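What follows is a short report on a single structure.
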Amino acid sequence: DGGITQSPKYLFRKEGQNVTLSCEQNLNHDAMYWYRQDPGQGLRLIYYSQIVNDFQKGDIAEGYSVSREKKESFPLTVTSAQKNPTAFYLCASGVRDRAEAFFGQGTRLTVV
Amino acid sequence: AQTVTQSQPEMSVQEAETVTLSCTYDTSESNYYLFWYKQPPSRQMILVIRQEAYKQQNATENRFSVNFQKAAKSFSLKISDSQLGDTAMYFCAFMKKNYGGSQGNLIFGKGTKLSVKP
């Protein structure tokens, strides 16, 4: 089945450690996105990529990094520089020239 | 910059009744899209309905319909015959229409938590 897969569903890390969240899609979408969701804050854009080997910062990119080496994959690294990394992270993908975005099931990251 | 505002943090409705969720937005763009997404307790984001700004006709999807007022920058969602499965967070979102092969980014409101009571 086509879709977006985020893994793992739950992730625990110690403070000061970097952690990478996986996002894979087999929908042949060009655009991919990472959003962060906090209670009462809605979804905020971290990074996005419109094409392989290119990506741009969103509204809250500080403390995060991404790569887009393959069309299917857009991993997000939460670095130790991110002050409040505990959150729910959602990955999405979309088709160029079409206003649609499909979301993965999310990863709940808890830093202790 | 675009902003999306949902002024109702929480709402409740009796099963089988109708409820309207409000959304206003601010933009200087003339071509854009508006969306309502549903996020049930599973936290999966599900597209409920989409409206293209240049279309005057309000979008409908079964029990879900919108009231799109472009001049007022208002985009409300009406849910008719509410069902228990409609219980969820509902997010209003804006996407600028890009040209030249790129897709715009979604800008979300903070959400409205809807509870459907039996």
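Could you check segment B:31-63 and list, in sequence order, the residues that are without any contact (Cβ under 8 Å) to a residue 40 or more places away in the chain and within 10 Å of the chain's Cα centre (by Cα)?
Hits for segment B:31-63 are B:Leu47, B:Ile49, B:Arg50, B:Gln51.
Which residues, counting only those in segment A:66-81, are surrounded by fewer than 18 Cβ atoms within 10 Å (Cβ to Cβ) and either free of Cβ contacts under 8 Å to residues at least 40 places away in the same chain or assigned to a strand (DSSP E or B) (or both)?
Within segment A:66-81, A:Ser67, A:Glu69, A:Lys70, A:Ser73, A:Thr77, A:Ala81 qualify.
Against the definition (out of contact with any Lys or Arg (no Cβ under 8 Å at 6 or more places or on another chain), of a type in the set (Gly, Ala, Ser) and either in a strand (DSSP E or B) or in contact (Cβ under 8 Å) with a residue 24 or more places away in the chain (or both)), how does B:Ser28 come out, yes or no?
Details: out of contact with any Lys or Arg (no Cβ under 8 Å at 6 or more places or on another chain): yes; of a type in the set (Gly, Ala, Ser): yes; either in a strand (DSSP E or B) or in contact (Cβ under 8 Å) with a residue 24 or more places away in the chain (or both): no.
It is false that B:Ser28 is out of contact with any Lys or Arg (no Cβ under 8 Å at 6 or more places or on another chain), of a type in the set (Gly, Ala, Ser) and either in a strand (DSSP E or B) or in contact (Cβ under 8 Å) with a residue 24 or more places away in the chain (or both).
Which ones in segment A:41-54 are at pLDDT 95 or above and out of contact with any Asp or Glu (no Cβ under 9 Å at 6 or more places or on another chain)?
A:Tyr47
For A:Pro85, only one of the following conditions fails: (1) at the interface with another protein chain (Cβ under 7 Å from one of its Cβ atoms); (2) under 13 Å from the mean Cα position of the chain (by Cα); (3) of a type outside the set (S, T, N, Q); (4) not in a strand (DSSP E or B). What is its number?
The failed condition is (1).
Among the residues of segment B:38-58, what is the count of those that are assigned to a loop (DSSP other than H, G, I, E, B), surrounded by 11 or more Cβ atoms within 10 Å (Cβ to Cβ) and polar (S, T, N, Q)?
Residues flagged as assigned to a loop (DSSP other than H, G, I, E, B), surrounded by 11 or more Cβ atoms within 10 Å (Cβ to Cβ) and polar (S, T, N, Q) within segment B:38-58 amount to 2.
Select, from A:Arg68, A:Arg98, A:Arg36, the only residue that is of a type in the set (D, E, K, R) and within 8 Å of chain B (Cβ to nearest Cβ). Show your work before the answer.
Numbers: A:Arg68 fails: within 8 Å of chain B (Cβ to nearest Cβ); A:Arg36 fails: within 8 Å of chain B (Cβ to nearest Cβ).
After ruling out the rest, the residue left standing is A:Arg98.
Would you call B:Ala71 aliphatic (A, V, I, L, M), free of Cβ contacts under 8 Å to residues at least 12 places away in the same chain and more than 14 Å from chain A (Cβ to nearest Cβ)? Before the answer, list the steps.
Details: aliphatic (A, V, I, L, M): yes; free of Cβ contacts under 8 Å to residues at least 12 places away in the same chain: yes; more than 14 Å from chain A (Cβ to nearest Cβ): yes.
Yes: the conditions hold for B:Ala71.
What are the residues in segment B:77-118 that are among the charged types (D, E, K, R) and within 14 Å of chain A (Cβ to nearest Cβ), if any?
Kept after step one, since they are among the charged types (D, E, K, R), are these residues of segment B:77-118: B:78, B:81, B:86, B:96-97, B:110, B:113, B:117.
Residues satisfying the conditions are B:Lys96, B:Lys97, B:Lys110, B:Lys113.
Restricting to segment A:20-45, what's the tally of residues that are farther than 16 Å from A:Phe102 by Cα and free of Cβ contacts under 8 Å to residues at least 40 places away in the same chain?
Final tally of qualifying residues: 4.
Looking at this structure, is A:Ser22 over 21 Å from B:Gly109 (Cα atoms), in a loop (DSSP other than H, G, I, E, B), more than 10 Å from chain B (Cβ to nearest Cβ) and among the hydroxyl-bearing types (Ser, Thr, Tyr)?
Working: over 21 Å from B:Gly109 (Cα atoms): yes; in a loop (DSSP other than H, G, I, E, B): no; more than 10 Å from chain B (Cβ to nearest Cβ): yes; among the hydroxyl-bearing types (Ser, Thr, Tyr): yes.
No; evaluated as a whole, the condition is false for this residue.
Mind checking which residues of segment A:29-63 are outside any loop (DSSP other than H, G, I, E, B) and over 22 Å from B:Arg43 (Cα atoms)? First the steps, then the outcome.
Filtering segment A:29-63 for residues outside any loop (DSSP other than H, G, I, E, B) gives A:31-38, A:42-51, A:54-57.
Within segment A:29-63, A:Ser49, A:Gln50, A:Ile51, A:Asp54, A:Phe55, A:Gln56, A:Lys57 meet the criteria.
Checking A:Lys57 against (1) loosely packed, with under 15 Cβ neighbours inside 10 Å; (2) touching a Phe, Trp or Tyr at 6+ places or on another chain (Cβ under 9 Å); (3) touching a residue at least 60 places away in the same chain (Cβ under 8 Å); (4) basic (Lys, Arg): exactly one of these is not met. Which one?
Failing condition for A:Lys57: (3).
The values are calculated or read from the model by the stated rules, or taken from the named source; none is laboratory data. Bear in mind the structure is a predicted one, so any value in this text is a computation, not a measurement. Reconstructed Cβ throughout: ideal geometry from the backbone, glycine too, with neighbour counts over all protein chains shown.
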